[in-house]
1. Treating each Cα of chain A as an identical point scatterer and ignoring solvent, apply the Debye formula and state log10 I(q)/I(0) at q = 0.09, 0.14 Å⁻¹.
2. Once neighbouring chains are kept in place and the probe is 1.4 Å, which whole percent of the accessible area of segment B:224-298 is contributed by carbon and sulfur?
3. Go through segment B:75-142 and name the GluC sites (Glu not before Pro) that are in a DSSP coil and have 14 or fewer other Cβ atoms within 10 Å of their Cβ.
4. Using θ = phi - 60° and the Karplus relation 6.51 cos²θ - 1.76 cosθ + 1.60, list the HN-Hα couplings for segment B:230-235 in order, rounded to whole Hz, with x at every Gly or Pro.
5. As a test of the formula, what do you get for chain B when each DSSP H run with n ≥ 4 contributes -39,500 (n - 2.57) and the sum is divided by the residue count, at 222 nm and rounded to the nearest 500 deg cm²/dmol?
6. State, as an integer percentage, the relative contact order of chain C based on alpha-carbon contacts under 8 Å between residues 6 or more apart.
7. Cα gyration tensor of segment B:224-298, axes a ≥ b ≥ c as square roots of the eigenvalues: rounded (a/c below 1.5), prolate (a/b > b/c) or oblate?
8. Which three extents, in angstrom, do the Cα atoms of segment A:189-341 have along their principal axes, listed largest first?
Amino acid sequence: MSRKLLLDNLDKPGIQSLTGYSDNGGYEALRKALQMKPEEIVSEVQKSGLRGRGGAGFPTGMKWSFIAKPEGVPRYLVCNADESEPGTFKDRYLMEHKPHILIEGMIISSFALGANTSYIYIRGEMMYVFHILQKAIDEAYAAGYLGKNILGSGFNLDLHVHCGAGAYICGEETALIESLEGKRGNPRIKPPFPAVKGLWGCPTVVNNVETIAAVVPIIKITGEEYAKIGIGKSTGTKLISASGHINKPGVYEIELGVPVEEFIYSDAYCGGIKNGKQLKAVVAGGSSVPVLPAHLILKTAAGEPRLMTYESLADGGFATGTMLGSGGFIVMDEDTSVVKNLWTFAHFYHHESCGQCSPCREGTGWMYRILNKILNGKGEMKDIDLLWNIQGNIEGKTICPLGDAAAWPVASSIRHFRSEFEAYINNHGMKDVKHYYRLNNLQEA
Amino acid sequence: MPKVTIDGHTIEVPEGTTILEAARKIGGDIVPPTMCYYSKLKTSGGYCRTCLVKVSKGSEKDPRPMPKPVASCRQTVMDGMEVQNITSPEILDARAGVVEFLLINHPLDCPVCDQAGECNLQDLSYEHGHEVSRLDFRKRTFPMIDIGDKIKLHMNRCIMCYRCVKVAEQLCPERVHGVLNRGWDSEISTYIEQAVDNEWSGNMIDVCPVGALTDKTFRFKSRVWFTKPVDAHRNCPTCSGKVVLWYQGEEVLRVTGRKDQWGEVDEFICNECRFDKKKTSDWVIEGPRHIDRHSVISQNHYEELKKLKQDLSRQKKLGEKAHN
Amino acid sequence: MSANKNIQFSDDALALVQKIINRYPEGKQKSALLPILHIAQAEFDGWLSPEVMDYVASLLKIQSIEVYEVATFYSMFNMKPVGKCLIEVCRTGPCWLMGAEDVVRYIEKKLGIKAGETTADGMFTLKTVECLASCGTAPMMQIGETYHENLTLEKVDAILNDHKNQGNRRTHWEKDKVKP
Ligand SMILES: Cc1cc2nc3c(=O)[nH]c(=O)nc-3n(C[C@H](O)[C@H](O)[C@H](O)COP(=O)(O)O)c2cc1C
Ligand code: SF4
Ligand code: FES
Ligand code: FES
């Protein structure tokens, strides 16, 4: 069993409330942090090797050290609780069950960055979690953990929750900032980066919920101790959202480095494939990362066991590897159609493109229509190459990484499962295709 | 001042200059095409991606190449930067891809479009596009709408360059139109029927790179290549009064700003000059205007190119047949 | 924009709006737009008419077009009237793997409407939506602020019957939460 730093004490009664959380060691890290200098906290986070849990895996301590500090200009910390990447539901789980760890992390991180006003941007669909967070914040104000002169330290912090309204793209940090300013969620053209010009033109750090929560145990046990967990540059614990055809879907906190095979088959985690079936494919890090067939997810191309780390999952590049991403682990059994799965993803990116830049706006819609055509039994062999070509024309040519995220699932599905596309086009197994097609009243392509 | 090399031409430019502006200073073939950037509009550019270039050397200090193509209209130069535009086959490919994206939902109605002959997209697709359309589904369509009594919006043709929105934001006292909906369904609109009406709104027509925003007082009167452009000015209390009059015979068909070789107006003009001054006696005539930007502005050139393309694709088809 | 006189938030809602505006620095009241549009949907029958949007614009002292642009960008804002009970079924990969399309088909049959439509009595609107971060408890659907997870067809039956009997409107920002 992995050590638990974030999901510990979940079985303790009242852990959702401030009293329950405090009775189990909550807000001790805050007391400790307020005795430290802000730079010491940043350096502790640097030592921990913590990497951003929102998907990109950028070292958090380094990101914090980039924040500009011009005289007389406020700095902001914004927590990214937009969690909309298909396959990912860990942030919701954490905020719902242990809201105070996020609040505590926000206070410590704001103190480290010198931010006196901070926001949690939560996706609008999670309105009930919004209210849970608001309640937790109210409790924290009442206890003197928020507001003026927190615990007599002289540090002031106002913390607010802000709700979005349905847009995956608002998870991209500059789109999130635009949205928080009350605008359309159009990603900004970088540079300037948020660390220099972010919210209302001020230096801003955007971090994922899990990243900020992880600051609490780092302060508690020290960065050095945290760095001892995991393998190489993949330190600490990570929340994995496991879904699909497995016996025990849910959120698991793992020590980075668990073998993928153990994660899928052990009863401590996913508990094996449902109904005793065989594993066909896995999307290991949320819908955006390349899908891998069973043999490549369990072992690298070189035959080494694949581990749940940033490096091991990426081993082999996109030819034979994938990414840890946001930790959305989607498992597909032997009877799953990878093409149909891709079709749902293609619809997703088409639906979620903000529409600013032409390759993404037009390309995602085009790919979706071609997949629609293939699923509808009207595909032609040349459509496979066309899809391949379009994804290549999107990848790397867009303003923000949503374009890449739309391209990679298409590329990897074709790369590893080309014969399945061909089967569709040759009208094999079309009978069970028709009803998927009806799912959203789709017109004929 | 930083020194930048673009396709082998080196130039020194002031700090903060974009790659595109540096390329325009060099001039010639190496200048990336633009569809959304407009030097007179702040924060324009970055959207269409036609101006993508490859940065093969970041700077003297950090010579690493940039991992992805960059929008030359938004990327500023660094000292020692090396850029590839037409010398990079990847970039030419990427550009052809972008042109294709811009065209998949663009109606192929050039023969009836009043922008034909001065449409940046038309030029772009002739110069940088693929030959054959690989598209086989319905294009998205929108009804045509009037935004006020002077301007018509033909949304089907829009390529979402955001230029007209920036005109409204930066020139007009109040913005009543903008971008609605999201992604594939985005559109330029007023949401509720509302006239875009103020003394600068007509500039939206001049900045539109395609035929999406057109001058209702000119529409369908004549093809551009049958009209004769003449520089003229008047003493205008609102704007510079420096315009181009487009004549057919003795009649002024329309009034526009003066566009430079990049298709950008030198100065924005007011609606009174544009819409209400259509008599020769309103103006001091300076002389015929030399148009050098639009390669297809003369019908001859346009027809020639069309024929060339047709011949090419016929030959290609014949070649393919021979192969099979 | 001249705001329609019949459109007016309740006192509670107005107090809440003020409280929300105060979360942002002076002069940055536009930031309150998304939360306030949610409240507007709760206050005015679950959708945003042009008049409601104009009213919100006047509350925040911004141009109407700024509200239209934003409202039409985000998928949770309804630009047309919807049924009292808006059923949002997740259709994305992980939910699809676990049978989301069966749920959609079942509801379509039961209510006699297609996704995107509203029942003749104005009670139900069925909508398919993208991943709601509930993939581990798929298939799932959302009604109001409530996540209904691990759906079975029997569960769906019970939930819809419940709503039919209660008959009150559900919005994402539940009306009873519109208290300052
Ligand atoms: C299209 C897109 C969607 C994203 N969605 C999320 C999200 O829902 N949650 C998140 O934390 N990060 C998301 N990200 C990543 C953020 O841009 C950003 O990298 C992250 O919030 C930084 O926090 P971290 O360093 O703590 O990971 C998304 C990125 C892109 C391009
Ligand atoms: S890549 Fe897509 S989502 Fe990102 S800015 Fe461009 S259009 Fe918007
Ligand atoms: S001109 Fe540079 S992106 Fe459009
Ligand atoms: S796919 Fe349905 S909740 Fe994630």
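1. -0.58, -1.32
2. Result for segment B:224-298: 47 percent of the exposed heavy-atom area is carbon or sulfur.
3. Those that pass, being in a loop and sparsely packed, are B:131.
4. 9, 6, 8, 9, 8, 7
5. So the helix-based figure for chain B works out to -7000 deg cm²/dmol.
6. Answer for chain C is 24 percent.
7. oblate
8. Taking max minus min along each principal axis of the Cα atoms, segment A:189-341 gives 53, 38, 30 Å.
The values are calculated or read from the model by the stated rules, or taken from the named source; none is laboratory data. All values derive from a computational prediction rather than experimental measurement. Because the Cβ atoms are built from the backbone with ideal geometry, glycine has one as well, and the counts that use them run over all protein chains shown. These accessible areas exclude ligands, DNA and RNA; they are computed on the full protein's heavy atoms, side chains included. Shrake-Rupley method; radii C 1.70, N 1.55, O 1.52, S 1.80 Å.
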